[in-house]
Amino acid sequence: MNELAQRLGEYRGEIVTSIVETGAMLGWSLLAAVLIGLPMGTGMYLARRGGPKERGWLYSGLNGFVNVVRSVPFLLFVVALIPFTRWAVGTSFGTTAAAVPLSFVAVALYARWVEQTLVEIPRDTVELADSLGANTFQLVTRFLYPEARSGLVLSMTTVTISMISYSTIMGVVGGGGVGDFAIRYGYQRYEYDIMYVTIALIVVLVMLIQTFGTRLSMALDHRSR
Amino acid sequence: MIEFDQVTKSYTQPGARRAGSVHALHEVSLSVGESEIFGVVGESGSGKSTLLRMVNALELPSSGAVTVNGVNLAALRPRDRRAQRRRIGMVFQQFNLLANKTVLANVALPLNLHQRLGGLAERGLGPRRRPGAEAASADRAREMLDFVNMGAQASKHPAQLSGGEKQRVAIARALVNEPDILLCDEPTSSLDSQHTDEVMATLLRVRAEMGTSILLVSHELDVIRGACDRAAILESGRLTGIAEIARLQARESFDSYSERARKYLEGDQE
């Protein structure tokens, strides 16, 4: 036990670095999820068949993008995206480069969640917005988002946790992060105890995020009280 | 005030082999006067909700024209149509209050929609609104809540209210823009009789004190008889008659539940 504590002390620098790397990858991808995934999912909800602003071609396009990104196995997706990544951020290696494919996945995942969350809102809410003379922007910001906010928070929580999982394999493009640390030190150097400690760290992190998300979503939800 | 001129609404039946269509309304003509409470009765599927939704152009006629104060909403550009809709209040069977907003915020909502890009300004992201606009709309919303006797519940959320209270809040919301016309789509159909009386008494006060024209759709004949001056009777989309409702009853006040129960149980149904 003492020996483990001593080795953890030795790796302290690497552990801190890897946590920062994971944080950066999560930060970029979740930012993309909010800035791109939220409008994209909203667009899918509006444009879908029977939606408030039905546009078949738009829905097909967005839906196709989401399906393609979500169905390609992630490791292959990372590799296949390398030319784009190099074009977008100037390099295909390192934490910033790793954030590119992660962002694609976060956008696609969150867009789908947003669409499904908005579908749950009673159709009457759209009718109300129409009867009050709201335009599409107002329909979304004044009616749909306020009513869906607890669901939007919960789905963002789920996406965050998925992104932690996806980020653990970003070592393949030098993305680093906690998962990469666990594999390099724990698995490849046969220091299994280090690996288990790291896994425990990730589990704790996930539990904290889930608890926070659930509490926040409950605080925002007045539908049943 | 509201004119229906030979209005027909037909839907193409989904999945129909031939290009056959179903008439929701068939050549309906009627007019509703200023400060009139006009009922529309009929069984479900008779087209009465379709008729109501044509007044604010939530549904557009297939032929014929609906005009409100001489304006044909169906012929307007979407933007102008939205502006016209803000002058027509609407009350729904299921109240349609936003669950995550307080009672006060629900009532103030139509006022805040007038401010363009209000949503961004509220979050400090866009141009600031007129100073005091928010406070003014809150004051106006409070005034309307007092009118429907819901002033004390302003900070509650809809889930904490009874059905009748929710519908009164919805009426306050519909009136907050001072519309000339109030459209009511089965406003009491999901309420028990006591709450129905509360809501109907409120609607009668709306007409008496604000002079608002009210178009009231309901399948409940008691409700129509107790509140309306005239009522259109619809059957399968056709107007079969307009009833002049006898002025014998005290229409300006609904009997309380216990009063009605006593009359009914003692056989006095006058």
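The values are calculated or read from the model by the stated rules, or taken from the named source; none is laboratory data. Note that the structure is predicted; figures quoted are calculated from it, not measured. As a convention, Cβ positions derive from the backbone with ideal geometry for all residues, glycine included, and neighbour counts pool all protein chains shown. The protein model used for the area step is the full one, side chains on, heavy atoms only, and it has no ligands, DNA or RNA in it. Shrake-Rupley method; radii C 1.70, N 1.55, O 1.52, S 1.80 Å.
Figures for the structure shown
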item: Backbone N within the range A:7-26 under 19 Å of label point (7 Å from A:SER165 Cα along the Cβ vector); result: A:22-23, A:25-26
item: Share of carbon and sulfur in the accessible heavy-atom surface of the protein assembly as shown [1.4 Å probe, %]; result: 55
item: Overall form of the range B:133-201 per C-alpha gyration tensor (a/c, 1.5; a/b vs b/c); result: oblate
item: Chain A: angle of helix A:192-220 to the longest principal axis, Cα-based, in degrees nearest 10; result: 20
item: Inter-chain Cβ neighbour average for residues B:156-162, partner chain, 10 Å; result: 2
item: Gyration tensor (alpha-carbon) shape descriptor, the range A:82-212, a/c threshold 1.5; result: oblate
item: Gaussian network model of chain A, springs between alpha carbon atoms under 10 Å - residue of A:LEU118, A:LEU132, A:LEU102 with greatest fluctuation; result: A:LEU132
item: Cα-projected label distance for B:GLU266 with A:ALA80, points at 7 Å along beta-carbon direction, nm; result: 8.2
item: Computed [θ] at 222 nm, helices only, for chain A once each DSSP H run of length n ≥ 4 contributes -39500 (n - 2.57); result: -23500 deg cm²/dmol
item: Loop trypsin sites (Lys or Arg not before Pro), the range A:156-221, which have at most 13 other Cβ atoms in a 10 Å radius of their Cβ (DSSP); result: A:ARG189
item: Pairwise FRET efficiency - A:THR158 versus B:ALA208, Cβ, R0 = 51 Å, nearest 0.05; result: 0.45
item: Prolate/oblate/rounded label for the range B:1-86 (Cα gyration tensor, a/c 1.5); result: oblate
item: Relative contact order (%) - chain A, alpha-carbon pairs under 8 angstrom, separation at least six; result: 26
item: Hits among aspartates and glutamates - C-alpha to C-alpha of B:LYS9 under 17 Å, sequence gap 8 or more where chains match; result: B:GLU27, B:GLU59, B:GLU235
item: Computed accessible area, B:ASP180, all protein chains, 1.4 angstrom probe, square angstrom; result: 50
item: Förster-model FRET efficiency, 56 Å R0, B:HIS114 and A:ILE199, C-beta, rounded to 0.05; result: 0.50
item: Length-normalised contact order for the range B:1-87 - Cα pairs under 8 Å, 6+ apart - percent; result: 34
item: Heavy atoms of A:PHE84 accessible to a 1.4 Å probe, total area in Å² rounded to 10; result: 80
item: Shielding score for A:132-144, defined as the mean number of other chain Cβ atoms within 10 Å; result: 6
item: In nm, spacing of pseudo-spin labels at B:GLU143 and B:ARG238 (7 Å Cα→C-beta vector); result: 4.8
item: All lysines inside 30 Å of B:LYS166 as judged from Cα atoms, apart from same-chain residues fewer than 8 positions distant; result: A:LYS53, B:LYS48, B:LYS101, B:LYS156, B:LYS263
item: Trypsin sites (Lys or Arg not before Pro) restricted to DSSP loop in the range A:47-106 with at most 10 other C-beta within 10 Å; result: A:ARG49
item: Gain upon complete extension [A:ARG7, A:ASP124; 0.36 nm per residue less C-alpha separation]; result: 36.1 nm
item: For the range A:76-166: relative contact order, % (alpha-carbon pairs under 8 angstrom, 6 or more apart); result: 28
item: Inter-chain shielding of B:90-97 (mean C-beta neighbours from other protein chains, 10 Å cut-off); result: 4
item: Surrounding net charge for A:MET156, when Lys and Arg each add one and Asp and Glu each subtract one, Cβ distance under 13 Å; result: +2
item: Distance (nanometres) between label positions extended 7 Å along Cα→Cβ at A:ALA88 and A:VAL16; result: 3.1
item: Solvent exposure of the protein assembly as shown as accessible area per residue, Å², 1.4 Å probe; result: 49
item: Accessible surface of A:THR96 - all protein chains present, 1.4 Å probe, nearest 10 Å²; result: 80
item: DSSP-loop GluC sites (Glu not before Pro) across the range A:91-156, with at most 13 other Cβ within 10 angstrom; result: A:GLU120
